[in-house]
Ligand SMILES: [Zn+2]
């Protein structure tokens, strides 16, 4: 039996409108991703409590590149031979920059700094138990 499940548990939601899950400080409302606990990283804040919060599903390309060479493990190649994929650092309205792969079918030619992208969840790789998914950034037409 196989199943589809996130490659990293708890970092994002799935479904029709998937979203990254961050932590919002209950004292100063600063938002962090990945989720955090302990002490607020805002140096002006002494907050210690956080609430899970879904992050904005759309952001703007802050920087981007592509991986022309196959990354080392734990990266699992999905094609043989390896095919380069694009990576985008996306600035969200919350003030965070979140790195991710670019949705399948898109490459660096489809990206430019400042362009709007939307979060999607796509397969990252498959193993013996099923398909593992990850968030990716898809250019908004
Ligand atoms: Zn805080």
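Readers should treat all values here as calculations from the given coordinates under stated rules, not as data from a laboratory. Just so we're clear, the structure is a prediction, and the values are computed from it rather than from any experiment. Every residue, glycine among them, receives a Cβ derived from its backbone with ideal geometry; neighbour counts consider all protein chains shown.
Please specify each residue of segment 40-68 satisfying the condition of being touching a residue at least 40 places away in the same chain (Cβ under 8 Å) and closer than 12 Å to residue 24 by Cβ.
Across segment 40-68, the qualifying residues are 54, 55.
Keeping to segment 108-138, report how many residues are exposed (fewer than 13 other Cβ atoms within 10 Å of the Cβ) and under 30 Å from residue 2 (Cβ atoms).
Of the residues in segment 108-138, 3 are exposed (fewer than 13 other Cβ atoms within 10 Å of the Cβ) and under 30 Å from residue 2 (Cβ atoms).
Report yes if residue 33 is more than 23 Å from residue 131 (Cα to Cα) and surrounded by 11 or more Cβ atoms within 10 Å (Cβ to Cβ), otherwise no.
Considered against the rule, which asks whether it is more than 23 Å from residue 131 (Cα to Cα) and surrounded by 11 or more Cβ atoms within 10 Å (Cβ to Cβ), residue 33 comes out as yes.
Please go through segment 36-56 and give me each residue that is surrounded by 14 or more Cβ atoms within 10 Å (Cβ to Cβ) and assigned to a loop (DSSP other than H, G, I, E, B), ordered by number.
36, 40, 42, 45, 47, 55, 56 - these are the residues of segment 36-56 that are surrounded by 14 or more Cβ atoms within 10 Å (Cβ to Cβ) and assigned to a loop (DSSP other than H, G, I, E, B).
Go through (1) more than 15 Å from the ligand (Cβ to nearest atom); (2) in contact with a strand residue (DSSP E or B) (Cβ under 6 Å, 6 or more places away or on another chain); (3) more than 24 Å from residue 3 (Cβ to Cβ); (4) in contact (Cβ under 8 Å) with a residue 24 or more places away in the chain one by one and return the number of the condition residue 84 breaks.
(4)
Given the condition within 16 Å of the ligand (Cβ to nearest atom), over 26 Å from residue 132 (Cα atoms), in contact (Cβ under 8 Å) with a residue 40 or more places away in the chain and not in a loop (DSSP other than H, G, I, E, B), answer yes or no: does some residue in segment 14-27 qualify? Reasoning before the result, please.
The initial filter retains those residues of segment 14-27 that are within 16 Å of the ligand (Cβ to nearest atom), namely 22-27.
From the residues that got through so far, the ones that are over 26 Å from residue 132 (Cα atoms) too are 24-27.
Now restrict to residues that are in contact (Cβ under 8 Å) with a residue 40 or more places away in the chain: none.
Checking segment 14-27: not a single residue is within 16 Å of the ligand (Cβ to nearest atom), over 26 Å from residue 132 (Cα atoms), in contact (Cβ under 8 Å) with a residue 40 or more places away in the chain and not in a loop (DSSP other than H, G, I, E, B).
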